[in-house]
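The values are calculated or read from the model by the stated rules, or taken from the named source; none is laboratory data. Everything numeric here is computed off the predicted structure, so don't read it as measured data. Glycine gets a Cβ as well: all are built from the backbone with ideal geometry, and neighbour counts include every protein chain shown. Remember, those area values only see protein heavy atoms, side chains included, never the ligands or the DNA or RNA. Shrake-Rupley method; radii C 1.70, N 1.55, O 1.52, S 1.80 Å.
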Amino acid sequence: MKAERIINTGYKFIGVPYIFNAPPFRTDMFDCSSFIQYIFMVHGIILPRNSRQQSMAGRRVSLKQIRKGDLLFFTTKDRKHKNGISKIGHVALYIGKGRMLHTYRPENRVTITEIDKKWISKFVMARRIL
């Protein structure tokens, strides 16, 4: 299953530093969207560079319909009052069992996070690429 292969590729980068606006196609540092872009590209799926552009790829699914390999998009403190895709400031990969693989904030690096109430309150949309 392609989703499992993409997730397994992502696991290889757990602990890699988060750098805001990291250059694309580097593996020694990522921001949220360069990480997603890279792990999909390894498997022949080309995604745009930033999370707002990525939120237009694939098709929209509800949070209740998400499955492994779907992209989850969130707002941030600085973007929560914006409209449309301008509201999006973060992207993560759904890996199943209520967890996501992503990177944010320098202290967190590439990591696995539970999708808890805090994250659900910031949720904007999910997209199915696969």
Exercise. What do you reckon, is LYS82 under 15 Å from the mean Cα position of the chain (by Cα), charged (D, E, K, R) and not in a strand (DSSP E or B)?
Worked result: no
Exercise. Mind checking which pairs have a first residue in the stretch 11-33 that is closer than 17 Å to LEU72 by Cβ and part of a loop (DSSP other than H, G, I, E, B) and a second that is open to solvent by 80 Å² or more (accessible area, probe 1.4 Å) and modelled with pLDDT under 95, Cβ under 8 Å, 6 or more apart or different chains?
Worked result: ASP31/PHE20; ASP31/ASN21
Exercise. So is ARG5 in contact (Cβ under 8 Å) with a residue 12 or more places away in the chain and in a helix (DSSP H, G or I) or not?
Worked result: yes
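If you check PHE123 against the conditions, is it crowded, with 19+ Cβ neighbours inside 10 Å and over 24 Å from MET1 (Cβ atoms)?
Working: crowded, with 19+ Cβ neighbours inside 10 Å: no; over 24 Å from MET1 (Cβ atoms): yes.
Against the criterion (crowded, with 19+ Cβ neighbours inside 10 Å and over 24 Å from MET1 (Cβ atoms)), PHE123 does not qualify.
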Seminar exercise, completed: Of (1) closer than 13 Å to ILE7 by Cα; (2) assigned to a strand (DSSP E or B); (3) not polar (S, T, N, Q), GLY69 fails just (2)
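Which members of the stretch 97-130 meet the condition of being assigned to a loop (DSSP other than H, G, I, E, B) and either touching a His at 6+ places or on another chain (Cβ under 6 Å) or hydroxyl-bearing (Ser, Thr, Tyr) (or both)? Spell out how you get there, then give the answer.
The first filter runs over the stretch 97-130 and keeps only residues assigned to a loop (DSSP other than H, G, I, E, B), leaving 97-98, 104-109, 115-116, 129-130.
Matches in the stretch 97-130: TYR104 only.
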Seminar exercise, completed: Restricting attention to the stretch 68-113, the residues that are in contact (Cβ under 8 Å) with a residue 12 or more places away in the chain and either surrounded by 18 or more Cβ atoms within 10 Å (Cβ to Cβ) or in contact with a Ser or Thr (Cβ under 9 Å, 6 or more places away or on another chain) (or both) number exactly 26
Problem set entry | Inter-residue pairs, beta-carbon under 6 Å, first open to solvent by less than 30 Å² (accessible area, probe 1.4 Å) and in the stretch 39-52, second hydroxyl-bearing (Ser, Thr, Tyr), 6+ apart | ILE39/THR9; SER51/SER33
For this session: State the number of residues belonging to the stretch 7-21 that are at pLDDT 95 or above and either among the aromatic types (Phe, Trp, Tyr) or buried (at least 21 other Cβ atoms within 10 Å of the Cβ) (or both).
Result: 4
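With respect to ILE39, determine if the residue is within 24 Å of LYS12 (Cβ to Cβ) and hydrophobic (A, V, I, L, M, F, W, C). Show your work before the answer.
Values: within 24 Å of LYS12 (Cβ to Cβ): yes; hydrophobic (A, V, I, L, M, F, W, C): yes.
When the stated conditions are applied, ILE39 passes them.
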